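Participant: Supplied in structure tokens, the structure appears directly below.
The values are calculated or read from the model by the stated rules, or taken from the named source; none is laboratory data. Please read these numbers as outputs of a predicted model, since none were measured by experiment. Note that we place each Cβ from the backbone using ideal geometry, even for glycine, and neighbour counts take in every protein chain shown. To get the accessible areas, we keep the full protein, side chains included, count just its heavy atoms, and leave off ligands, DNA and RNA. Shrake-Rupley method; radii C 1.70, N 1.55, O 1.52, S 1.80 Å.
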Amino acid sequence: MKTPLLYKVYRTLRSGWKRMTPEAQRALQTFVASQQTVGGYMNAGGRADAYYSQFGRLLEAVFSPHRLLGMPISLTVQESRHKDTIYSQFFDFLEGELHLVNPKPNAVILPQIMTTNAVCCLLAMQHQSDGQPDPDLLVWLQARHDETCGFHATDEAPIPDLLSTAVALFTLRLVGAEVRDATDFIHAHWLDNGGFAPTVLDDYSDVEYVFYGLLALGSI
């Protein structure tokens, strides 16, 4: 059985963290600490949020690996489970891997509007299940990047974003496909406050986008 995908994600985050200079690491840690509030990590409204707290706790373990020992691994995905068959199956798949069930993905119908995230979920499940990644999906995914080496969320998205880029780079490396150097794209999303912005048009961050910034850095 392959190493569970969540552990591969953690190792990639650690790799991204190690690529940063000590000064950048301190700035990032300071930003993450600023996102803590009573009861966990805050959402855009400044309130403790279980979804964001997942990212915050995982980042704590990235900064200090000893914290990973004994840390309960749970997935707060209720919001996603009801939106799309692929996401629902993907989170069930992750849970199955953690419980050594060795899950196999069932046939999944792609949404009418294909997204980078959904395609990456399916490719990752295929790979982890010892299946061959769908070559048509790989071609589609690789075509989502532009001259900046960032990836667009959909065919219609006007600019690339950090989330799509992070999951695309991680997935392409996971399945052994070519990964282009997106260092400049990632650095363009680095903010003075120590976080990572969703797009180059944004000037805010949160712990979720710190996660995507490190995932992207660790995947190149």
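Participant: For residue 84, work out the one condition from (1) open to solvent by less than 80 Å² (accessible area, probe 1.4 Å); (2) among the acidic types (Asp, Glu); (3) modelled with pLDDT of 80 or more it doesn't fulfil.
Facilitator: Here residue 84 meets the rest and fails (3).
Okay, residues lined up against (1) open to solvent by less than 40 Å² (accessible area, probe 1.4 Å); (2) of a type in the set (S, T, N, Q); (3) at pLDDT 65 or above:
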site	(1), (2), (3)
12	yes, yes, yes
27	yes, no, yes
90	yes, no, yes
95	no, no, yes
116	yes, yes, yes
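Participant: Within the group 23, 60, which residue is of a type in the set (Asp, Glu) and within 20 Å of the chain's Cα centre (by Cα)?
Facilitator: 60
Participant: How many residues are more than 14 Å from the chain's Cα centre (by Cα), assigned to a helix (DSSP H, G or I) and more than 19 Å from residue 147 (Cα to Cα) when one looks only at the stretch 170-183?
Facilitator: Qualifying residue count for the region: 0.
Participant: Here's something else I'd like to know. Against the condition within 20 Å of residue 54 (Cα to Cα) and under 9 Å from the mean Cα position of the chain (by Cα), how does residue 167 come out, does it pass?
Facilitator: Yes, satisfied.
Participant: Output the qualifying pairs, or none if there are none: Cβ atoms under 6 angstrom, residues six or more apart or on different chains, first residue in the stretch 1-24 and under 26 Å from residue 131 (Cα atoms), second residue of a type in the set (Val, Ile, Thr) and crowded, with 16+ Cβ neighbours inside 10 Å.
Facilitator: Listed pairs, sorted by first residue: 13/62.
Participant: How about the stretch 184-206: which of its residues are assigned to a helix (DSSP H, G or I), touching a residue at least 24 places away in the same chain (Cβ under 8 Å) and either farther than 13 Å from residue 166 by Cβ or open to solvent by 30 Å² or more (accessible area, probe 1.4 Å) (or both)?
Facilitator: 184 - this is the single residue of the stretch 184-206 that is assigned to a helix (DSSP H, G or I), touching a residue at least 24 places away in the same chain (Cβ under 8 Å) and either farther than 13 Å from residue 166 by Cβ or open to solvent by 30 Å² or more (accessible area, probe 1.4 Å) (or both).
Participant: While we're here: Those residues that are modelled with pLDDT under 85 and either surrounded by 16 or more Cβ atoms within 10 Å (Cβ to Cβ) or polar (S, T, N, Q) (or both), I need them from the stretch 57-72; list them, please.
Facilitator: 68
Participant: Something else now. Which residues, taken from the stretch 29-41, are free of Cβ contacts under 8 Å to residues at least 40 places away in the same chain, surrounded by 12 or more Cβ atoms within 10 Å (Cβ to Cβ) and of a type outside the set (Gly, Ala, Ser)?
Facilitator: 36, 37
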